[in-house]
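Working notes, beginning with the structure itself.
The values are calculated or read from the model by the stated rules, or taken from the named source; none is laboratory data. Remember, it's a predicted structure, so these values are computed and weren't measured experimentally. Backbone-built Cβ (ideal geometry, glycine too); neighbour counts: all protein chains shown. For accessibility, only protein heavy atoms count, side chains too; no ligands or nucleic acids. Shrake-Rupley method; radii C 1.70, N 1.55, O 1.52, S 1.80 Å.
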Amino acid sequence: MAASMCDVFSFCVGVAGRARVPVEVRFVSSCKGKGLFATQLIRKGETIFVERPLVAAQFLWNALYHYRACDHCLRALEKAEENARRLTGKPGQVLPHPELCAVRKDLHQNCPHCQVMYCSAECRLAAAEQYHRVLCTGPSQDDPLHPLNKLQEAWRSVHYPPETASIMLMARMVATVKQAKDKDRWVRLFSQFCNKTANEEEEIVHKLLGDKFKVSLFFLNQGQLELLRRLFTEALYEEVLSQWFTPDGFRSLFALVGTNGQGIGTSSLSQWVHACDALELKSQDREQLDAFIDQLYKDIEAATGEFLNCEGSGLFVLQSCCNHSCVPNAETSFPENNFLLHVTALEDIKPGEEICISYLDCCQRERSRHSRHKILRENYLFVCSCPKCLAEADEPNMTSEEEDEEDEGEPEDAELGDEMTDV
């Protein structure tokens, strides 16, 4: 049951100066599945498309530790100075140029029933229209016995930071279908994401639930995963989606979110820094401001470590069709400080050329072929065959003593497919 291309492209946001999205989805091969291809010349630096997710959700530990974000679009709700004070642990921290903070607290609204916060009336209404009427806990927001609160607590007990997914993304998928007038349309849209074999799904579930549960596969399947499924069913059962609530269907849903969920990060402080970078200042003032920002980030690193942003994940239909390459010709970003995903060309892309992003960060892409394959195998269950990997095929598998120790006994491509279209 496939969604139409009109459905797929309906989640794209208009780009100035462009009448339509200059891409099409094509079937590539049984190994790679779908791919995204340019339908016209796309110049380096151009925004190829902007897409909003079918659903998105903040990570649960991230929210618990007071990373305040809009419950719908994940826009950071703290003022930049508030953000800096919390991250540095310095209540008296003051930022210069406070007028550059883009947060508009006067626009913030909460749900009148459960009090979750939104950045605007538009987001509050959009959430209510799509899924929040099902998920609103009303006056039971802090009741540990409420079915949704029990589900979230169980999730936090098995998925610790650094987080990569949220059970609430799955909950919003179900709630969206429950509230929808055209339930079949939403089922078709969610079915667009790649499917995995049973063995691959088990590997993904292991990855999501963390190393502490890899000790006993039996305990994982019959214990923690079954507990989550039972709580998920008690809180959200929907007849139209009955397959999702079976043991096999729930595992498949886990795998869908684990392999297709695109990380989202927002930060009012980061927005403020970018605005500072754009200021026209005298050279001495620029040096002073840059030195202040450098020290600020050092203080944050000392107090908070790597956890700087409001973090969550979302499901993006069109972006999920982008295959991986270690030499990508496009990249994803969230420059609007919310869940709107921008895909931008890193080089000129000719008509008919496949648009590829990288599932690896900049540092990971500079590592050896063996190291890149190890990361991709563990997180996405495929062996990359991009031009860079093919060119380095004759390089030795072991590149250093450290990698020798880490990778001892691991086969290069046991039971793995070729490149997949998930992110």
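What does the net charge come to around Gln295 if you take all other residues with beta carbon closer than 14 Å to its beta carbon, with K and R at +1 and D and E at -1? Net charge in that neighbourhood comes out at -3. Charging the Cβ of each Asp and Glu at -1 and of each Lys and Arg at +1, and nothing else, the dipole of segment 133-173 about its Cα centre rounds to 160 debye.
Can you give the charge dipole size of segment 58-262 about its Cα centre, rounded to the nearest 20 debye, using +1 on the beta carbon of Lys and Arg and -1 on the beta carbon of Asp and Glu? Display every interim value, and only then the final one.
Working: 25 positive and 24 negative charges, 54 e Å.
Using Cβ point charges on Lys, Arg, Asp and Glu, segment 58-262 gives about 260 debye.
Using DSSP to call loops (not H, G, I, E or B), can you name the trypsin sites (Lys or Arg not before Pro) in segment 216-310 whose Cβ has at most 13 other Cβ atoms within 10 angstrom? Write down the numbers at each step before the final one.
Details: sites: Arg229, Arg230, Arg251, Lys282, Arg286, Lys298; in loops: Lys282.
Those that pass, being in a loop and sparsely packed, are Lys282.
Taking each residue as 0.36 nm, the span from Glu153 to Ile375 lengthens on full extension beyond its C-alpha to C-alpha distance by 77.0 nm.
Could you please put Asp348, Asp248 in sequence from largest to smallest accessible area, using a 1.4 Å probe?
Most to least solvent-accessible, the answer reads Asp248, Asp348.
What would the Debye equation give as log₁₀ I(q)/I(0) for segment 58-262 at q = 0.13, 0.15, 0.16 Å⁻¹, counting only Cα atoms as equal point scatterers? Ignoring solvent entirely, the Cα scatterers give -0.81, -1.03, -1.14.
Here the contact order of segment 307-395, divided by its residue count and restricted to Cα pairs under 8 Å and six or more residues apart, works out to 29 percent. Over all Cα atoms in segment 268-376, the spread is summed up by Rg and Dmax: 17.8, 49 Å. Computed from the C-beta positions of Val13 and Asp285 and an R0 of 60 Å, the FRET efficiency is 0.95 to the nearest 0.05.
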